[in-house]
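What follows is a short report on a single structure.
The values are calculated or read from the model by the stated rules, or taken from the named source; none is laboratory data. Everything numeric in this text was worked out from a predicted model, so none of it was measured. Note that we place each Cβ from the backbone using ideal geometry, even for glycine, and neighbour counts take in every protein chain shown. Just the protein is used for accessible areas: all its heavy atoms, side chains included, with ligands, DNA and RNA removed. Shrake-Rupley method; radii C 1.70, N 1.55, O 1.52, S 1.80 Å.
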Amino acid sequence: MAYETIIVEIADDVALITLNRPDALNALNSQLLGELASAVEEADASDKVRCIVLTGSEKAFAAGADIKEMADKSFVDMYRDNFFGVEADRFLRVRKPIIAAVSGYALGGGCELAMMCDFIIAADTAKFGQPEINLGVIAGIGGTQRLTRYVGKSKSMDMHLTGRFMNAEEAEESGLVSRVVAPKKLKDEAMAAAQKIAEKSLLATMAVKDTVNRAYETTLAEGINYERRMFQALFATEDQAEGMASYVEKREPQFRDK
Ligand code: CAA
């Protein structure tokens, strides 16, 4: 499909999706979010793709939802159209792993989009924030819930109430991002991580995504029970037999997603 606000490239089992509204610091408007939802759905359905990387520009992953698009909307517009709800739900239904590679600003909806990915690798220039409070609103694509789960209540309240930005170092210390690298290395680091994931059994990587996300959705006891059943279920796959045989036979596994 041809897109105007994102660029999609497929390289060695990985779909690299680049947000591309440079004049608006990749602000998330309806068109971009719709195109992004379609692109991740396509990647999810493609036999060629086993992992997805989502990135922006060096200056901005995304500076938030598009304020200019939202400014004149009424409650009725927002509620009737389920503003951002439709696209966010489509994005969250993707079963293959998605890595966010964040450089520069990841603010408001940009921070929320990064948090909707499975993990975040940041350039040391990254700045995360939920500054919606400065616009007289609050986060609207999961920020109050996800940031709180990532970094805890105190820091999340601080970010949402003051609108201050968090740099990459603080984001790594508080568990928001998994790794911080030099800006020049960001894309290579994220692509290398994605390639590594792409070498695994897709059945197992999808099971990891599904199961880790249960930690956000349910109680500890139910999550552990879910994990146990999922672990046991993977013994119905050829990839489990291959993975364990390859270890015993001291060779690389040949996973076939079966
Ligand atoms: N929406 C629309 N346009 C945006 C934008 C946004 N979120 N962020 C930046 N832009 C536009 C600017 O308006 C500007 O366009 P013009 O040249 O036409 O004026 C262009 O991108 C470049 O931005 P700046 O000139 O402002 O760049 P800067 O380097 O001086 O500042 C910034 C960078 C600090 C990120 C600043 O752009 C900024 O504060 N942006 C808004 C951040 C924000 O409030 N985000 C939250 C949005 S609300 C939201 O996301 C709701 C939700 O949860 C769903």
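Numbers for the structure displayed
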{"item": "Probe 1.4 Å, accessible area per residue of the chain, Å²", "result": "54"}
{"item": "Placed amide H near A27: partners under 5 Å, 5+ positions off or other chain", "result": "A63"}
{"item": "Convex hull (Cα only) mean projected area of segment 1-79, reported in nm² to one decimal", "result": "6.0"}
{"item": "Dipole of the chain [Lys/Arg +1, Asp/Glu -1 at C-beta], most positive-end residue of A171, I138, A198", "result": "A171"}
{"item": "Interchain or long-range residues, amide H under 5 Å from G56's placed H", "result": "L19, S103"}
{"item": "Total charge dipole magnitude, segment 6-198, about the Cα centre, Cβ charges on Lys, Arg, Asp, Glu only, Debye to nearest 20", "result": "360"}
{"item": "Crossing angle, helix 153-162 versus the chain [Cα axis fit, 0-90 degrees, rounded to tens]", "result": "30"}
{"item": "Hull-based mean projected area of segment 29-127, where the convex hull spans the alpha carbons, in square nanometres", "result": "6.5"}
{"item": "Cα convex hull of segment 72-128, projected area averaged across orientations, nm²", "result": "4.7"}
{"item": "Highest to lowest packing among 136-143, 228-235, scored as the average C-beta count within 10 Å", "result": "136-143, 228-235"}
{"item": "For R179, residues with placed amide H under 5 Å, excluding near neighbours", "result": "A122"}
{"item": "Positive-end extreme of charge dipole, the chain - chosen from P183, G152, N213 (charges on Cβ)", "result": "G152"}
{"item": "Neighbour cut-off at most 16 other Cβ (10 Å), DSSP loop, trypsin sites (Lys or Arg not before Pro), segment 25-65", "result": "K48, K59"}
{"item": "Surface share of carbon and sulfur [accessible, 1.4 angstrom probe, percent] for the chain", "result": "54"}
{"item": "From phi via Karplus (6.51, -1.76, 1.60), per-residue ³J(HN,Hα) for segment 27-37 in Hz, x at Gly/Pro", "result": "3, 8, 9, 4, 4, 4, 5, x, 5, 5, 4"}
{"item": "Relative packing of peptides 27-37, 87-97, 3-13 - highest average C-beta neighbours within 10 Å first", "result": "27-37, 87-97, 3-13"}
{"item": "Estimated dipole of segment 136-258 in Debye, rounded to 20 [Cβ of Lys and Arg +1, of Asp and Glu -1, Cα centre]", "result": "180"}
{"item": "Of E222, E189, E169, the one that fluctuates the most in a GNM where the chain has Cα springs shorter than 10 Å", "result": "E222"}
{"item": "Solvent-free Debye scattering, log10 I(q)/I(0), computed from the Cα coordinates of segment 203-249 at q = 0.17, 0.28, 0.29, 0.30 Å⁻¹", "result": "-0.53, -0.97, -1.01, -1.04"}
{"item": "For segment 6-198, share of DSSP beta bridges that run antiparallel, in % to the nearest 5", "result": "30"}
{"item": "Largest-first principal axis extents of the Cα set of segment 6-198 (Å)", "result": "44, 36, 30"}
{"item": "In sequence order, calculated HN-Hα J values of segment 127-138 (Karplus, 6.51, -1.76, 1.60; Hz; x Gly/Pro)", "result": "10, 9, x, 10, x, 4, 4, 6, 9, x, 10, 10"}
{"item": "Helical mean residue ellipticity (222 nm; -39500 (n - 2.57) per DSSP H run of 4+; nearest 500) of the chain", "result": "-14000 deg cm²/dmol"}
{"item": "Sparse-neighbour loop sites [trypsin sites (Lys or Arg not before Pro); segment 111-188; at most 16 other C-beta within 10 Å; DSSP]", "result": "R164"}
